[in-house]
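Working notes, beginning with the structure itself.
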Amino acid sequence: EDKVVQSPLSLVVHEGDTVTLNCSYEVTNFRSLLWYKQEKKAPTFLFMLTSSGIEKKSGRLSSILDKKELFSILNITATQTGDSAVYLCAGNTPLVFGKGTRLSVIA
Amino acid sequence: NAGVTQTPKFQVLKTGQSMTLQCAQDMNHEYMSWYRQDPGMGLRLIHYSVGAGITDQGEVPNGYNVSRSTTEDFPLRLLSAAPSQTSVYFCASSYLEGQPQHFGDGTRLSIL
C-alpha cells in the first residue's frame, strides 16, 4: 500500500525563524513528489520534484528530493505570518497525500 | 478563466439521500480527480479519470460513483449518503496524469 508520512504534524515558530518540513514516501509507481500549501480552501501548488539532489527554489521556499532514501524536505527561511498554513506532501502517481504539517508563525 | 469550479459549496443531507457534487474545469485538462479531506487524515483519492470515458477507483471509492462523458465535467455521485461521508470534497485537474493539479475550492458536505 502506498504511503506518505509527514513530520512534524504541527509546528509553531516565531517570525524570522527557518523551518524544515519532512516527507517520506513509499509509492509503487513513483514519478514525482509534490508539495502544496493549504490555507483556508484549496491546496495551491508549490513544487514538483522528479530528480534527486536538485533543489527547487521559489523566494524563501526551497525543496529537495532524495530518491535513494525516499525522502523530501521543504525549507522556509525568514518565516512570515503569511506562511501559516498546512503544508501537504504527495507522491505521484496517482497522488497519495500525507496528513500535512500545520505551520503556525507568530509575530 | 474560472479554473476548477465546484458546486455546491455547502450541502446538508439526511442519511440515505442521494446527491451529485459537480465539478467543471475550463482548462482542457485530461486528468481529473476527486478527494475527500477529513480532520487529521489529509486528502484521500476517491476516483480519478485520465480522459473522457475513462474512470478508475482511488483509495476510498466505496459509496461513490463517477462518470466522465466530457473533458470538462467530472461529477461525483453519492448513491445513499451515510454519516461517514461527512467531509470536505475537492475536485482537481491537470493537463495529464502526473502533472501538478489545480484544485477547486471544495464542497463541505454534512450528512445527518
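All of the numbers you see were taken from the coordinates with simple rules; none came from a lab. All values reported here derive from a predicted model rather than from experimental measurement. Methodologically, a virtual Cβ is constructed for each residue, glycine included, from the backbone with ideal geometry; neighbour enumeration extends over all protein chains shown.
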* To do: With label points built 7 Å along Cα→Cβ from the Cα atoms of B:Met19 and B:Ser84, find their separation and express it in nm.
  => 2.0 nm
* With a Cα-only, solvent-free Debye model of the protein assembly as shown, what are the log10 I(q)/I(0) values at q = 0.16, 0.17 Å⁻¹? -> -1.08, -1.19
* State, to one decimal in nm, how far the label point of A:Ala78 lies from the label point of A:Ser7, with both points 7 Å from Cα in the Cβ direction. => 3.1 nm
* To do: Only bridges with both residues in segment B:1-111 count here: give the DSSP antiparallel percent, nearest 5.
  => 90 percent
* To do: Just need the relative contact order of chain A here, percent rounded to a whole number, with Cα pairs under 8 Å and 6+ apart.
  => 38 percent
* Structure fact -> Among segment A:75-99, those whose backbone N falls under 16 Å of a label point 7 Å along Cα→Cβ from A:Ser62 are A:75-79
* Structure fact -> Relative contact order in percent for segment B:15-112 (Cα pairs under 8 Å, 6+ apart) equals 33 percent
* Structure fact -> When chain A is treated as a Gaussian network with springs between alpha carbons less than 10 Å apart, the largest mean-square fluctuation among A:Lys37, A:Lys56, A:Lys68 is found at A:Lys68
* What list do you get for A:Val5, A:Val12 if you sort them by fewest beta carbons within 10 Å? -> A:Val12, A:Val5
* To do: Treat every Asp and Glu Cβ in chain B as -1 and every Lys and Arg Cβ as +1, leave all other atoms uncharged, and give the resulting dipole magnitude about the Cα centre to the nearest 20 debye.
  => 460 debye
* Structure fact -> Relative contact order of segment B:1-69 (C-alpha contacts under 8 Å, at least 6 apart) in percent is 21 percent
* To do: Just report the Cα centroid separation between segment B:13-30 and segment A:40-107, whole Å.
  => 28 Å
